[in-house]
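Beneath this line is the structure, given in structure tokens, with notes to follow.
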Amino acid sequence: MQRVTAKYYIETPLDLNHAATVLAGEQSSGTFVAVPGETEELKHRFAARVESVTPLDSSSTPAIPGVDVKGGVYQRAMIEVSWSVENFGYNLPVLISTLQGNLYELTQFTGLKLMDIEFPHSYSQVFEGPKFGVEGCRKLTNVYDRPLIGTIIKPSVGLSPQETADLVRTLAGADIDFIKDDELLSSSANSPFESRVDAVMRVINEHADKTGKKVMYAFNISDDMDEMQRNYEKVLSAGGTCAMISLNSVGISAAKKICDIGELAIHGHRNGWGMMNRHPLLGIEFPAYQKLWRLAGVDQIHVNGIQNKFWESDDSVVRSIQACQKPLFGGYSVLPVVSSGQWGGQAPETYKRTQTLDLLYMAGGGIMAHPGGPAAGVTALHQAWQGAVQGLTVDQTASKYPEFALSVEKFGKK
């Protein structure tokens, strides 16, 4: 029988093999005492299996609370545990409960993080994955041979539908590729969802009729299931090409339900990511996280950005982009969304370290707060990436392109 294998980074003051066995037992057939019906045959078929234990370093203090061992040594290791697909079939919520459920509660561990997941090929026959991905999003925006350039409507909350549409008109005229609602806005008192869709899509459709370029706007449809579906249909009927979902807020079942419709590209926002990942020995790493959402069918997913405004290191961001680039089942393409305190100045380092143009590169303040206005901000982003691909430094690019030079004056001194 095919198996799903998970890799964990653990810390424990106990014997490593014993701790790994406890995890495997807790997350499959085991209990803390033997129970009637738990036969050897049952355990052989359904019990999780410890595949490997690789010792690493140790610490004299625990990373998080766990078993109290005075004067103990807290050993760290990478372990791999596998489960038969028979345990959960192709049920994503139960799979997640197995790989990320009560194991975090186990007192034997003073640190535990899900690092990666390997799925058997049978999963590709059940889950269709992203309907659009990199190539589909490029086709929808007619953008090739460079990153998609995008921005976020700011202020996050407070603009009326008409004010939002006026801003979209300016951005579209500046050759923006992508615009999105902020995750804090779906339908507010002064910007009802349907009114905003009507106002924004009127501008986008008129611009497309004149120029042939249709800007992709990701409307935030996050809500309860019925309302999300209504919001989705509203965007589709208005001629939109994209919808945004706050992944951690709506959950994987709701996201998959929306992705399965398959008519709009789905922009996956990972807000809340910090509570899952910020501690080095608790939660989940992005390589594992993004695989789950690719199975659900998300076409675009946030990865943070180089020199971002949050806590995440550049190395972590690069690993996240590389994780998105790695094919799942030979395909399941997903577009990495680079965001968080971005402006053109990070483009050279982003390109140097990832060697990819298959990105949605988003700047909020980096476009909206440009000294020459939002239109000049979009132009500066284009110039930044032209310089990056040419191998130019920030200063060299600034000497060549005036709008980017203004960006450096505004944002490069911080």
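The values are calculated or read from the model by the stated rules, or taken from the named source; none is laboratory data. Given the structure is predicted, the values throughout are model-derived calculations rather than measurements. In this analysis, Cβ positions are derived from the backbone assuming ideal geometry, glycine residues included, and neighbour counts consider all displayed protein chains. Calculation scope for accessible area: heavy atoms of the full protein, side chains included, ligands and nucleic acids excluded. Shrake-Rupley method; radii C 1.70, N 1.55, O 1.52, S 1.80 Å.
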inquiry  = For the pair SER122/GLU233, report the inter-label distance in nm, with labels modelled 7 Å from Cα in the Cβ direction.
reply    = 3.6 nm
message = Probe radius 1.4 Å, ligands and nucleic acids left out: which of PHE46, PHE411, PHE310 has the largest accessible area, and how do the rest follow?
response = PHE310, PHE46, PHE411
query = the range 336-414: percent of C-alpha pairs farther apart than 17 Å?
reply = 35 percent
ask   = Can you give the accessible area per residue of the range 156-197, in Å², using a 1.4 Å probe?
value = 38 Å²
task = May I ask what percent, to the nearest 5, of DSSP beta bridges between residues of the chain are antiparallel?
result = 50 percent
ask   = Accessible area per residue of the range 44-118 at 1.4 Å probe, in Å²?
value = 49 Å²
message = Please give the charge dipole size of the chain, origin at the Cα centre, charges +1 on K and R Cβ atoms and -1 on D and E Cβ atoms. Round to the nearest 20 debye.
response = 840 debye
ask   = Over all pairs of distinct alpha carbons, what does the Kirkwood formula give as the hydrodynamic radius of the range 108-218, in Å?
value = 16.6 Å
key: Mean Cβ neighbour count within 10 Å, used as a protection proxy, ranking 377-388, 114-125, 234-245 highest first   = 377-388, 234-245, 114-125
inquiry  = How large a share of the accessible area of the chain, in percent, is made up of carbon and sulfur atoms when the probe is 1.4 Å and the other protein chains stay in place?
reply    = 51 percent
task = Calculate the translational D of the chain in whole µm² s⁻¹ from Stokes-Einstein, where the hydrodynamic radius comes from the Kirkwood formula applied to all Cα pairs, the temperature is 10 °C and the viscosity 1.306 mPa s.
result = 69 µm²/s
inquiry  = Taking the Cα centroid of the range 259-316 and of the range 390-412, what is the distance between the two, rounded to the nearest whole Å?
reply    = 30 Å
inquiry  = Expected output is a single nm value to one decimal: the length gained when fully extending between SER249 and ASN17, i.e. 0.36 nm times separation in residues minus the C-alpha distance. What is it?
reply    = 79.9 nm
CD proxy at 222 nm, helix term only [per DSSP H run n ≥ 4: -39500 (n - 2.57); per residue of the chain; nearest 500] = -12000 deg cm²/dmol
Test item: Cα-centred dipole of the range 144-200, Lys/Arg +1 and Asp/Glu -1 on Cβ, debye = 80 debye
request  = For the range 264-333, evaluate the Debye formula with one uniform point scatterer on each Cα (no solvent term) and list log10 I(q)/I(0) at q = 0.17, 0.21 Å⁻¹, rounded to two decimals.
outcome  = -0.62, -0.94
Percent of beta bridges antiparallel (DSSP, the range 242-386, rounded to nearest 5) = 5 percent
key: By accessible area with a 1.4 Å probe, ligands and nucleic acids excluded, highest first: order of LYS180, LYS7, LYS210, LYS257   = LYS210, LYS257, LYS7, LYS180
message = 5 Å is the cut-off here: which amide hydrogens, built 1.01 Å from N in the peptide plane, fall below it relative to SER52, excluding neighbours closer than 5 in sequence?
response = GLU80
Ordering of 397-407, 298-308 by burial proxy (mean other Cβ atoms within 10 Å per residue, highest first) = 298-308, 397-407
ask   = Distance in nm between label sites at GLU135 and SER195, each 7 Å beyond Cα in the beta-carbon direction?
value = 4.3 nm
